[in-house]
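Can you read through this structure? Questions will come right after.
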Amino acid sequence: MIRKFLLLLGLLPALLCARVAMAQGLDPDVSLKWQVVDRFRLLRNAIDQKEYFSYIDRIAKQSGTSGAYDSPIPWTVARNSRGKILIDRTRWVAKSNQYDVDYVFPKQWTISVQLDGLARASDYDCTWSVATFPMRTSNCARGFEADMRRDAVVQVDVTKRQEARRVGSRTVTVRPRDILIAVIGDSFFSGEGAPDLHLRPKDGRAAQTPARWWDERCHRSLFSGPAIAAALLARDPAFAQKSVTFVSFACSGAAINDGILTGYVGRALPDQIVKLNLGLAITYQASTENLTGFIPAQIDALALSLCSTRKFENGACTGSSRQPDVLLVSTGGNEVGFGPIARNILANDSSTSIEAIKSYHRKAIACLADGYDQLAKEISARIKPKLIGLVEYPNLLTWGKSRQLCDEGSWIKLRSYQPSIFGVLSVLGVGTSKQEAQAALDNVLIPLDDEVAKAVSRHKDDGWLLISGIRDGALGHGFCSAVDPWFNNVELTLLRQGMTPSGKVTAEGLPPASTATAALDSCLSGALSRAVPPLLRTPFVQVGPSTEIGALPTGVLHPNARGTVVLYGPAILDAIREGLSNLPE
């Protein structure tokens, strides 16, 4: 017994040393945490993304008239940027009407790694190593950042600085997941009405500068509802180990049978863009097709972007294909004559516009069921997204807390903004009546949203879901609202966006007819043919042949940046989150 006791007594120092050594090593709770830095990949780096998020936050905090009038990208920033602003630093290539291939098919991400749970981390040095990257030693409180491929293994060796003693190491495997969000549709998803940079009127120091867009031909904006939703998803802390690839082909003025499943002349022709002196003529001269021709069908352009080689043989991609996680769709408004309706209720007398709405536009809604079904067929065959979100249209015809319908009285209240402009508008008779608003609501807006909901219900098994909350969420913030308007009236459009000048396209530049939309073409032609003549004939519009696009305040009745940030973005985001939560990782 005494011998065993003496043996244990002799081992005690060694056991104590081992215990001290364990105490001086890394605590088991110390681990490596990582996250993706460049999470909204449409912009080229984290600095640009941070700038973009700051603009979204600023707009979200605004209210009243400032939210409607202030440029999303401030003119002070544009003035100091030496010609290169945020929209010039996206992954979109206008001359090819496409996105960078390595953007749609990401191979690496900028990853930030931190040593988590280490007390007094500044007292330690960390030596970081990852394949294809030289070892780097830095203060452990700083962490580590580098461009990495998926499945990269990061190792850190930790040293107590004062004692120059290695205390342990940790490893982690980086597996970022990229979420692909694609968009097709009309002006409500392209960003019409919410230009990235507002028109700047001429003053004593500078000439007038036109409004700017991320994509000029389609009036595609970083402040569209889908872009805002994708950005909000990307910076959600719950998605810190994911990135978002956002590809939008939505184009202002497009419809299922004119731009989505067929070619399209675009919202602004190249010669119109040249007229605006945007300095973009050189961009389009690089591509003969884009200089004189039409824009490819959105579904064709999207399918091409999802092919790694950008080549098809016998209808099949010659390389690897990518499946969108979410496809966002907005269409139906232009099919039933959104533009003529807007021009009618804003300029023509009530009896003329109400008759057109009830007799012709209401009939066009009956054509939509077949149009949505044809669109669903093409999407399933060619794009194969996991989820398809179809958005409802807003009730933009109410104002104030009591949510009254727009009428001449509410329109007059807006004179407090710009009396000089409203003096001109009043002489021209630009306005609406409560009867016209009610007719548009009962005969177009509500039936249109009913067709949207029915289409989603018919194709629910194919992954379709309804993006709701838009129609009711817009109540009280319509185009005639005098406080915090989320939709543009004529005044807001002229002040923020100006006029899109007239332009012409040659017969060779018109897109060919498509058999995919022949039935829809025939149906809509019969319903709308007599609704076209009573258009707004003020100096704002030049009504001419089908090959001429008249000068238009195209942003009227569309959400401004305030509306996309506080209404569209969050509603779309909610639908995306719900849909993704039901998908396997």
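The values are calculated or read from the model by the stated rules, or taken from the named source; none is laboratory data. Since this is a predicted model, take the numbers as computed values, not measurements. All Cβ positions, glycine included, derive from the backbone under ideal geometry; neighbour counts span all protein chains shown. Protein only, heavy atoms only, side chains kept; ligands, DNA and RNA dropped before computing areas. Shrake-Rupley method; radii C 1.70, N 1.55, O 1.52, S 1.80 Å.
From the cross-link list 386/454; 95/363; 242/454, which pairs have alpha carbons spaced over 31 Å apart? Before the final figure, lay out the partial values.
Numbers: 386/454 20 Å; 95/363 39 Å; 242/454 33 Å.
Over 31 Å apart, Cα to Cα: 95/363; 242/454.
For residue 107, which aspartates and glutamates qualify as cross-link partners when the Cα separation must be under 14 Å and same-chain residues fewer than eight apart are set aside?
38, 147, 151, 178
Show me 444-457, 149-162 ranked by packing, highest mean number of other Cβ atoms within 10 Å first.
Details: 444-457: 18.2, 149-162: 15.7.
Order by mean packing, descending: 444-457, 149-162.
Separate question: For residue 125 and residue 578 in the same chain, what is the full-extension length gain: residue separation times 0.36 nm, less their Cα-Cα distance, in nm?
Working: separation 453, 0.36 × 453 = 163.08 nm, distance 4.29 nm.
Extending this stretch completely gives an extra 158.8 nm.
Less than 15 Å Cβ to Cβ from residue 380, Lys/Arg counted +1 and Asp/Glu -1: what total charge do the surrounding residues give? Kindly include the intermediate steps, with their values, before the conclusion.
Working: positive: 377, 382, 384, 386, 458, 460; negative: 373, 378, 461, 462.
Every neighbour counted, the sum reads +2.
Moving to a separate point now. Could you provide, to the nearest whole Å², the per residue accessible area of segment 106-187 with probe 1.4 Å? Could the numbers behind the result be given before it?
Working: 4100 Å² over 82 residues.
Computed with neighbouring chains in place, this is 50 Å² per residue.
How high is the FRET efficiency from residue 160 to residue 31, r the C-beta distance, R0 22 Å, rounded to 0.05?
Numbers: r = 18 Å, r/R0 = 0.84.
Step by step, r from the Cβ atoms, then E = 0.75.
Now for a different question. What list of whole percents do you get for P(r) of segment 113-213, with Cα-Cα distances grouped in 5 Å bins up to the one holding the largest distance?
Values per bin, smallest distances first: 2, 10, 15, 12, 8, 6, 5, 6, 8, 10, 8, 6, 2, 1.
Another question about this same structure. Using the Cβ atoms and a cut-off under 12 Å, what net charge is assigned to the surroundings of residue 254, where Lys and Arg are +1 and Asp and Glu are -1?
On the way: positive: 217, 220, 267; negative: 186, 192, 258, 335.
Around residue 254, the surrounding residues sum to -1.
I want to verify the translational diffusion coefficient of segment 45-192 in µm²/s; compute it with Stokes-Einstein, Rh as the Kirkwood radius over Cα pairs, at 25 °C and 0.890 mPa s.
Numbers: Rh = 19.5 Å.
Stokes-Einstein gives a translational diffusion coefficient of 126 µm²/s.
May I ask you to derive the FRET efficiency for residue 135 and residue 93 from their Cβ-Cβ distance with R0 = 35 Å, giving the value to the nearest 0.05?
Values: r = 37 Å, r/R0 = 1.06.
Working from the Cβ atoms, E equals 0.40.
With each label point set 7 Å from Cα along the Cα-Cβ vector, what nm distance links residue 48 and residue 314?
4.0 nm
May I ask you to list the residues of segment 97-128 whose amide nitrogen lies under 20 Å from a point 7 Å from Cα along the Cα→beta-carbon direction of residue 149?
101-113
Here's something else I'd like to know. Fully extended, how many nm does the chain gain between residue 366 and residue 454 (0.36 nm per residue separation, minus their Cα-Cα distance)?
Numbers: separation 88, 0.36 × 88 = 31.68 nm, distance 1.20 nm.
Extra length available between residue 366 and residue 454 comes to 30.5 nm.
I've got another one for you. If packing is taken as the mean number of other Cβ atoms within 10 Å per residue, what is the order of 398-407, 228-237, highest first? Present the calculation step by step, with values, prior to reporting the outcome.
Details: 398-407: 17.8, 228-237: 21.6.
Descending packing order for the listed peptides: 228-237, 398-407.
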